Structures are given as structure tokens and as C-alpha cells.
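Written below as C-alpha cells is the structure these notes are about.
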Amino acid sequence: MIARDICQRVLRKAVSTGADYAEIFAENTVNHNINMIASKVDSIKDTVIAGAAVRVYKGMRSVMASTVDTSEEGLLRCAETAAEALGQGTAQIDIVLKERIFGDIHPVKICPVSVSNKEKVEILKAGYFAAKEYDPCVVQVSGGLADVDHNILIANTEGLYAQDRQIRTRIAISAVADKGQGTQTGSCSPGRRMGLEMFDIVDPKAVGIKAAQQAATMAGAGYCPAGVMPVAIDNGFGGVIFHEACGHSLEASSVAYGTSQFAGKLGEKIANEKVTAIDDGTIPNAWGSINIDDEGTPAQRNVLIENGVLKSYMIDKFNGRRMGMASTGNSRRQSYAYTPTSRMTNTYIAPGTDKNEDIIGSIEYGLYAKQMGGGSVNPVTGEFNFAVNEGYMIRNGKICEPVRGASLVGKGSEVIQNIDMVGTELEMGQGMCGSSSGSVPTNVGQAMIRVSTITVGGR
């Protein structure tokens, strides 16, 4: 993408005013999207993102400049801009770049660019019409198929010169159903760090059916009663609560500044002993997986909480400086235009020993949150409010009628203390996580859990 000798000259320019570290991040990304609505292909479009950023450190000061001009002249101007913004001084860094080749732990069998739009449309149609034909109450369906070819180069004054290619594929089906009580929606959007071989393991028809089934079920549901009660949260995307309410508080971007609810608590018991939480960027072909992070640090498996005890944080290079700790391979950015910071990859509550039927059977009166939705969280306090997209009442240890309008309200540090049962069947759910460094693909996950007491919003 950019020759090594050019990178060396650009880095020398970047440190010319006294920086103690400099980095080049360059990318060339092609996003390909096909969308369907009203039984027709609505759009097929490619979006290309290409450019580079130069970032410099001096102590605890950091400056980044970016450019779309990746010629040597353009990169030198970008480096000069960053260097001048940092201040005046002289460089004392000898820069010798050595290419480092990282093994690809996420192989791709069918590169999306090698597959015609016609073939991709047929995959999307299978999911779309499976949803549309599921039930007469389904009144609207939309769908999308996306593939991303993300190529990056990282060079820095520590001598690193490395490249990586990241290919991801995702299908998303959304359905709207109406049974005379107002419309309800359902959705399903699996993705993998794979090419089109993803559809060897993900049936697009099953995706459509799942979206339509959820919409149809909720369209016939009554409203959820409000109150404080035990809740069983299903596996997969149920892990979004840990991701949002606890995961962000374990990122160095908040820990380093003491604004996290978990700052300064390494080695302390912060959760129920049933809880072991992991962030693992090395899971083969998982949606949030990486070979290297956006600072060139290899992906790692980081145990965040082990049997309730806080073991580690997720750390990038810059915030690691403030903390006096090494990077854990968690520095991520949406594109060259964003400054990278500590972010999650595939974050999940590890499986436990409890059977699902025992978790449900232990609840005399409560809620079964089968599918979680979006919500809001205060990363400083961990206070959250999350919608339940598909929920059911539990009575006398049995799953009963579906309920709409449910939400879960609580505080992350309290909820993880109240997780007193953890199932055996881990699943992951795919999402895009937004933060200061933009939107990045992340997996959330867990086995089924029981929260012994939590506030359920409803009517």
C-alpha cells in the first residue's frame, strides 16, 4: 500500500519536532451493499474509503492528522502538520522498519469480490422472501447483504511495518407484523469475518424466518408488567448488557482517567463468582475478530473477570502509557479518519454449569428475555436501560405468554453481582459498537443467565 522506505521518511518527518513516538495508519476499504424493500432490489452500491493518518506522541500528549493524499508528498505534508501541532523540539529516534508478517487466523474461502451481484442478490432474496411468506400478518420486510474488504497498513517508530486484510460478510432481515394491536418489528442480522462461505453455515432462509417469527409473536403480545423480579436472559445477543453496562467500563479509555466504575479495582471481587468474562479477538472467523489491532498489536484472549474477580482491562498503547500497562491488542478505529482507542472485539460471559431448564425452572415469577434490543448506558456510572425485543413471562418455572414493551433497568456493577446462574450453551450475537473512535464490528455473547433481581420496565 505504501512502500517501507516512504514510511520511514514520513515517520522521520513526524518526529522532527521532538515526538517520542509516531505511527502511520493507512487503509483502502471497499464496502459493498445490496438492499431490498417492497420485494425489489432497491440499491446496489460500493463505497470506497482510502486515506492515511499520522499520529505522534510526546509524553501524554497526542496529535493526529489525516489525509486522502497517500502520495509521498501528501503523507509528508500530513506528518509535518502533526509534528508542528505537537510543538517545537528535535528528534532523537532512529527509525528502521522491518516488515512483520502476522499469520492469518481468519482464512477466507470465497472472496466476495469474486462473486457476482446476481449470486449475492439470490442469497438476499432467499432470506427476504422467507420472512415475507412466513405469515400473513407480516406486512413489511426489508433486507440487506453487506461485504467489506478492509486493507490496512501500520508503521511506527518502534520498527513495525505490517499489513492486514479483513473481510467480513453480513446479512440483515427486518420484518414488521400487525395483528390489529399495532405493528411490531423483528430482526436478525448474523455476520462473520468470512467471505461468502458464511452461507455454508448460516441459512439465509432461517434468518428471514427468525426475523418474521419474532415480529409475529410480538404483534400478538400483551404489555409486560413492571416491577422488580428475576430475569432469565437468553444466550447470544443477550450479552449486549454486559458489553454496554460493564464492557465499556473495562476499556482503558475510561479506566485511564479514573472515570470507570471499575478503575483501581484489579484483583478485587466485582461480580458473582459465577461470572467469568472474556474479550477474545482470536476466535477464528468471528465477527469481531482481528489478526492485529489498529496499532499493530497482535490479537489476544484477555480474561477480564475470572470467577467474579477483576483480572484485566482492555488497553491501547496511548492509554496504556497513562496506566503504566502494556497494550492488550484492543486498539480499534472505524477508519483512518478516527483516532484509535481501546475497544472490545468478541466479548462474552463464559459458559457455566447450569442447565437452561433449571434456570427457567428456578423462577416462580419473572421475565424471560429471549432477544435483547438496543438501549442507553452511562459509561461512568454503568446505569443502563435496554429494550427487550422478544420477551415472555415466567410463571411457576414455565415460559408462558409473550409480552411487549419490556425493558431492563439497572446498573452494571450491581447486575454482575446478581448473576447467580449461568448456562452451558454459549452463543454470539453481532453488532456495530459506536464510541469515540467510530463504529467497529463487535461480537457480544453469553450462555443463558439468571439475574436474581432487576427492575423490569413495562405497564
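What the table shows:
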| item | result |
| --- | --- |
| Local electrostatic count at ALA216 - Lys and Arg +1, Asp and Glu -1, tallied over other residues with Cβ under 15 Å | 0 |
| Listed residues GLY51, HIS150, ALA286: farthest to the positive end of the dipole of the chain (Cβ charges) | GLY51 |
| Summed residue charge, Cβ within 12 Å of ALA271's Cβ, Lys/Arg positive, Asp/Glu negative | -1 |
| Cα-based Lys proximity count in the range 227-457, under 20 Å, for pairs eight or more positions apart or on separate chains | 11 |
| Residue-averaged 222 nm ellipticity for the chain, from DSSP H runs of 4+ at -39500 (n - 2.57), nearest 500 | -5500 deg cm²/dmol |
| Compactness of the range 227-457 - radius of gyration and Dmax, Cα, Å | 17.0, 54 |
| Sum of side-chain charges, THR345 neighbourhood, beta-carbon under 10 Å (Lys, Arg +1; Asp, Glu -1) | 0 |
| Residue exposure sequence - TYR128, TYR348, TYR161 - by fewest surrounding Cβ within 10 Å | TYR161, TYR348, TYR128 |
| Inter-part distance where the range 193-261 and the range 443-459 are each reduced to a Cα centre, Å | 10 |
| Amide H contacts of TYR365 (H built 1.01 Å from N, under 5 Å, at least 5 apart or other chain) | ASN396 |
| Size of charge dipole - the range 227-457 - debye, nearest 20, with Cβ of Lys, Arg +1 and Asp, Glu -1, no other charges | 420 |
| Inter-part distance where the range 31-64 and the range 291-365 are each reduced to a Cα centre, Å | 24 |
| The chain: angle of helix 117-132 to the longest principal axis, Cα-based, in degrees nearest 10 | 30 |
| Diffusion coefficient, µm² s⁻¹, Stokes-Einstein with Kirkwood Rh over alpha-carbon pairs of the range 324-459 at 20 °C and 1.002 mPa s | 129 |
| Tilt relative to the chain, helix 72-86 - C-alpha long axis, 0 to 90 degrees, to 10 | 80 |
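No value in this document is a laboratory result; all are computed from the given coordinates. The model shown is predicted, which means the values in this text are computed figures rather than measured ones. So basically every Cβ, Gly included, is an ideal-geometry build from the backbone, and we count neighbours across all protein chains shown.
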